[in-house]
Amino acid sequence: MSKDIEETVGSKRRKVTNGDSHPKRNPCIFAPFRTVGLVSPTAVPFTTVSLGKTTFQITTSVGRCLHTYDLRKGLNLVFLTRPQTPFQITATCAWKDRVIAAWGGQSADAQSGIWVFKRGQKVGELEQPMGEPDAIQRVLVFGSWIVGCRSKRVEVWKSSTYEHYTTITPRTSGKASGASLTGALCNAPTFLNKIFVGKRDGCVDIWNISTGRLIYTIQAPSTSSGPVLALEPSPAVSVLAISRADGSIVLQNIRTDIILLSLNTKLSQPSTITSISFRTDGLGAGNDGRKPGIMATAGPDSSDIVLWDLDQGGRVKGKLRGAHHPSILGTNTGGINRVEFLPGQDVMITSGPDNALKSWIFDANSLSATPRILHSRAGHAAPVTTLSFLPSNADGSDAEGKWLMSAGRDQSLWAWSLRRDGQSTELSQGSVQRKAKKLGVLGKKHEAGPSTSMEDLKAPEITSMACSLNRDGGIGAAAGVSSVWTNTSSKKGPADAAETNATGWESVVTAHRGDRYARTWFWGRKKAGRWALESADGTEVTTVAVTGCGTFALVGSAGGSITMFNLQSGILRQKFPSPISPAQARKLKMGLTDGDSLGHGSAAHRYSPGQGKHTRAVTGLMVDNLNRTVFSCSLDGKIKFWDFATGLLQDEIDWYPMSSILASRYHRHNDLLALSCDDLAIRVVDTETKKLVREFWGCLGQICDFCFSNDGRWIIAASMDSVIRVWDLPTSHLINAFRVESPCTALAFSPTGEYLATAHTDSIGVNIWNNRTLFTHVPTRLLGEDEITDVEAPTSSGEGGRRFHPPTTVDQLSFDMISLSLVPKSRWQNLLHLDTIRQRNKPRQPPKAPEKAPFFLPSLGDSTKPSSQPTATNQSSMTNGDAMDITPSERTRISKSSATRNEFSSLLHTSSKSGNYEPFIIHFSTLAPSAADIEIRSLKPEEMPQFVDALTFRLRQKKDFDLVQTWMAVFLRVWGDVVVAAHQDETSVGEEGGEQERLREALNDWRKVQEAEKRRLTELVGFCKGVIGFLRSER
């Protein structure tokens, strides 16, 4: 019986929900902001367009968004397209001031479409024909046509109306089935309404898109030629370059169907050519380089660009090796997507799947046939693995929160500016390209062996980084020629004089995968440093740290050793534990202890010199603010506290065998140490009391990375279950959790608290999230695991945060508050001092008469001068106000003034009848100061009371207070005599007396409202003054 009652009561208390009820809302602390580091990460070729004769704009695809760069500004980013396309972009084409982007169609059920963008905004959309959705591989615009090539058909639209015109379906050959087109598409000069379409059987069809008829088919040279991969018209009329899958390139006369030149056909291992471009500035070919005929070819199989001299029979003029990064182990980032010569310029543009866009220039007087780099925009070529915001330096410069450092699997270290995209750069690792060229390994593949790749000349992948800017010398640090990453293990004795006198040195230290050296970097100069700091036991460096002063670097190894180096000189200064002398070793062997040498205190007597070394890999190193204690953790489950000066072990916390420590983060302002363990828990230790204070559970997969917030109140962690969790340290509550599409491998929180940066396994960019608690209230209640929401990651176009911050405009916050106008301050201020401005701008000297023309030239004034005998018409014209003297410009100005006057008067009369002066106030506030002054001076007697009523109406609304006071001041200054007469003559009768009476009543009403508002504001100000005085008083 009691059990049934309990079930009944429980059922009554239980909240019953249905499918229509709204789930619990997860408070979103972080809102998507944007993605940095994406330049050209996809295989979609870039597109270019010339802006007159001044510059060129290059547009690249970054997935569902387009980036437009300006060449004259050094490839600076000028436009981002919005909104994002629903699916991935497959083809682009720049045309005049617009960019056409085709998207979608990669799968059978995916939609497809073509959008038109102008200056980053969507302005149109092409009409989609009926039929099976298919990805558009190439878009071409010429004349009045827009042509899109799919895998089986060609679509044609009108460029003026974006209407679909026709569909062209080429015939398939013989037994061929499936896709018949390769996406190779072009048009040729002088061929009106003709397009050339490449097919998979090696043929090229010539179609008239106006009539939809097939004109001719260019056959393949042989049956083994393979599909057509590239088509490009040459500067010579009726000559077309055709590239096929067998590596052959032919220049063919399309009028006579005769092959003029054949290239690349005798190579034993031909490379696939997917991009062809011709140089059109008339230089580069011939023995002296003064003749036209240079052709560039590139493909996805090689990172080299081959330059052909067509003037000398098609010989290789030069080869630009390693134009883009070759294929990295485990990734597919080799090759070149597109190469293009700019029309009429000696500049070449290239892009590749290594997320890079480069411009090259051919020097006129250079003996080399290959170009040199002109501009470059790039990013990581492989997923990012480590993130770190740049800390603030001692003087609190403006760099705080602006810079973000990232390291990826492509063995590079990048610095990203969150304020100006053009300042982002890669930290140089020395002359890697020059060394590779000298060794003859530039552009070679990994098939020849790992020792032949250019990646062996770069530092290995970065696994840990530390930074302190307090000793960073900026761009002038360690100026001069110095070697890069010199081993300091053999360096002994005092430092050099140049090193001692240096005011700044390296500020960044990194650990690398599988390398026993930690490397230093100059942040100010954005280049590699001088020192390679070797671990004490010769094993791999697993973690690094830099003291807050920026003078010392600590290195932890996989063997458990900890060493400290001086960054100024690169000399080893301390080991943890410190090595013992032979005399101390003999005492320890005999069981004797020297209390003085071991220090004082119970903890100090427990550990002898040379004891306390970690038995497994060191996973974390930290130093306190005062350089007194070094904290270390290891896979052996121990947290050790070392004396910074002596290297002696002071204390330790042992969690073995309960868990092993995988990583650690230290917050220097509150002396809290957070550690991630292999049991999927994050534990927080107070370094002052050396006790465990918090323990956070909930991650369902391995913890990839975690960090403190800038104020030390939160801990943000990312795990392999693709969930990012936020815990509140004071309450130990999980206050935010959201799931992203792919696991987060690295994250960092900015020192200013503005941004959270995350890196993911499926992206080479860095996602930036806004901290919403800085500008809005976000509830931080305890969340359950069932309240984890799915959140879309930030995008390159920066659209992710719109749904969190919809734009809102408020006309007036409260009726009890006086609101100022949104009219520019200069407009109503100029209206008050318009007479002074006119007097100041008045010309000081009268205009001079034009000089007389020479005697032999007829005078224009004499030819158009009327006769001395005035006619009747002239007399009538002169009698009627000299109408002949009014010029057309004056007549236009007078007509405009009268039109404005009519609108002003009509709105004033209409508003007076309805009692709502809102339309009149809006119109009057849009007038220029001179026009408003004319309107006030042109008021009729019957309009003056209505004008004063309009100002009183606005004053009662407590809106546009400054503007209303200005209008009234000008009105009283202009019509002051009329106002005085209306108040003095109260006995006037008739029509004039009635107008004066109405004006007197309107002014009295204005004065009452003005005094009431003045009294209210005076009371509020007095109350606030009294409260402030009470709070500031000493009583």
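Would region 641-659 turn up any residue that is within 23 Å of Pro577 (Cα to Cα), of a type in the set (Ser, Thr, Tyr) and free of Cβ contacts under 8 Å to residues at least 40 places away in the same chain?
yes
State whether one or more residues within region 91-98 are among the polar types (S, T, N, Q), touching a strand residue (DSSP E or B) at 6+ places or on another chain (Cβ under 9 Å) and surrounded by 15 or more Cβ atoms within 10 Å (Cβ to Cβ).
Yes; the residues of region 91-98 include at least one that is among the polar types (S, T, N, Q), touching a strand residue (DSSP E or B) at 6+ places or on another chain (Cβ under 9 Å) and surrounded by 15 or more Cβ atoms within 10 Å (Cβ to Cβ).
Has region 178-187 got any residue that is open to solvent by 50 Å² or more (accessible area, probe 1.4 Å) and without any contact (Cβ under 8 Å) to a residue 40 or more places away in the chain?
Among the residues of region 178-187, not one is open to solvent by 50 Å² or more (accessible area, probe 1.4 Å) and without any contact (Cβ under 8 Å) to a residue 40 or more places away in the chain, which makes the answer no.
Take the residues in region 270-315 that are within 25 Å of Ser225 (Cβ to Cβ) and of a type in the set (Asp, Glu), then tell me which one is least open to solvent (accessible area, probe 1.4 Å).
Asp309
Just to verify a result, which residue in region 738-795, among those that are part of a strand (DSSP E or B) and open to solvent by 30 Å² or more (accessible area, probe 1.4 Å), is nearest to Ser719 (Cα to Cα)?
Thr745
With the structure loaded, tell me whether Asp671 is open to solvent by 30 Å² or more (accessible area, probe 1.4 Å) and either within 26 Å of Gly538 (Cα to Cα) or modelled with pLDDT under 90 (or both) or whether it fails that test.
Judged against the criteria, Asp671 is not a match.
I'd like the full set of residues that are open to solvent by less than 40 Å² (accessible area, probe 1.4 Å), outside any loop (DSSP other than H, G, I, E, B) and under 22 Å from Thr539 (Cβ atoms), limited to region 637-656.
Within region 637-656, Ile639, Lys640, Trp642, Leu649 qualify.
Which residues, taken from region 213-235, are open to solvent by less than 20 Å² (accessible area, probe 1.4 Å) and out of contact with any Asp or Glu (no Cβ under 8 Å at 6 or more places or on another chain)?
Correct list: Val228, Ala230, Leu231, Ser234.
Can you say whether Ser719 is buried (at least 21 other Cβ atoms within 10 Å of the Cβ) and closer than 20 Å to Gly379 by Cβ, as far as the supplied structure shows?
Considered against the rule, which asks whether it is buried (at least 21 other Cβ atoms within 10 Å of the Cβ) and closer than 20 Å to Gly379 by Cβ, Ser719 comes out as no.
Where the second residue is modelled with pLDDT of 90 or more and not in a strand (DSSP E or B) and the first is small (Gly, Ala, Ser) and lies in region 343-354, which pairs have Cβ atoms under 6 Å and are six or more apart or on separate chains?
Gly344/Thr280; Gly344/Asp281; Ser351/Ser40; Ser351/Phe46; Ser351/Asn337; Gly352/Ile336; Gly352/Asn337
Within region 542-563, can you find the residues that are free of Cβ contacts under 8 Å to residues at least 40 places away in the same chain and under 18 Å from Gly529 (Cα atoms)?
Within region 542-563, none qualify.
Between Ala932, Ala950, Ala982, which is under 47 Å from the mean Cα position of the chain (by Cα), crowded, with 20+ Cβ neighbours inside 10 Å, among the small types (Gly, Ala, Ser) and not in a loop (DSSP other than H, G, I, E, B)?
Just a single option satisfies the conditions, and that option is Ala932.
In region 525-568, what residues are open to solvent by 20 Å² or more (accessible area, probe 1.4 Å) and not in a strand (DSSP E or B)?
Correct list: Arg525, Lys526, Ala536, Asp537, Gly538, Thr539, Glu540, Cys549, Thr551, Ala558, Gly559, Gln568.
Within region 809-843, which residues are open to solvent by less than 80 Å² (accessible area, probe 1.4 Å) and among the hydrophobic types (A, V, I, L, M, F, W, C)?
Those that are open to solvent by less than 80 Å² (accessible area, probe 1.4 Å) and among the hydrophobic types (A, V, I, L, M, F, W, C): Ile818, Val823, Trp828, Leu831, Leu832, Leu834, Ile837.
Taking only region 222-258 into account, find how many residues are within 17 Å of Phe191 (Cα to Cα), touching a Cys at 6+ places or on another chain (Cβ under 8 Å) and among the hydrophobic types (A, V, I, L, M, F, W, C).
Result for region 222-258: 2.
Restricting attention to region 614-636, which residues are open to solvent by 40 Å² or more (accessible area, probe 1.4 Å) and within 37 Å of the chain's Cα centre (by Cα)?
Asn625
With the requirement that a residue be aliphatic (A, V, I, L, M) and buried (at least 22 other Cβ atoms within 10 Å of the Cβ), what does region 357-377 give you?
Correct list: Leu357 only.
Looking at region 722-730, can you tell me whether even one residue there is in a loop (DSSP other than H, G, I, E, B), in contact with a Pro (Cβ under 9 Å, 6 or more places away or on another chain) and not hydrophobic (A, V, I, L, M, F, W, C)?
Yes, that holds for at least one residue.
Give region 267-304 a look and list any residue that's of a type in the set (A, V, I, L, M), closer than 23 Å to Gly198 by Cα and assigned to a strand (DSSP E or B), or say none.
Residues satisfying the conditions are Ile276, Met295, Ala296, Ala298.
Considering only region 42-81, state which residues are assigned to a loop (DSSP other than H, G, I, E, B), open to solvent by less than 50 Å² (accessible area, probe 1.4 Å) and among the polar types (S, T, N, Q).
Listed by number, the residues that qualify are Thr42, Thr81.
Could you check, for region 310-320, whether at least one of its residues is in contact (Cβ under 8 Å) with a residue 12 or more places away in the chain, among the acidic types (Asp, Glu) and within 27 Å of Ala759 (Cβ to Cβ)?
no
Tell me, which residue of region 148-177 that is open to solvent by less than 10 Å² (accessible area, probe 1.4 Å) and under 38 Å from the mean Cα position of the chain (by Cα) is modelled with the lowest pLDDT?
Arg150
Just the residues that are buried (at least 20 other Cβ atoms within 10 Å of the Cβ) and not in a strand (DSSP E or B), please, taken from region 136-147.
Once the filter is applied, which keeps residues that are buried (at least 20 other Cβ atoms within 10 Å of the Cβ) and not in a strand (DSSP E or B), region 136-147 yields Ile136, Gln137.
So Leu927 passes all but one of these: (1) crowded, with 16+ Cβ neighbours inside 10 Å; (2) without any contact (Cβ under 8 Å) to a residue 60 or more places away in the chain; (3) not in a loop (DSSP other than H, G, I, E, B). Which condition number does it fail?
Looking at each condition in turn, Leu927 falls short on (3).
The values are calculated or read from the model by the stated rules, or taken from the named source; none is laboratory data. Values in this document were obtained by computation on a predicted structure and should not be read as measured data. Heads up, the Cβs are rebuilt from the backbone with ideal geometry, glycines too, and the neighbour counts pull from every protein chain shown. Each accessible area value is taken on the protein alone, full model and side chains, heavy atoms only, with ligands, DNA and RNA left out. Shrake-Rupley method; radii C 1.70, N 1.55, O 1.52, S 1.80 Å.
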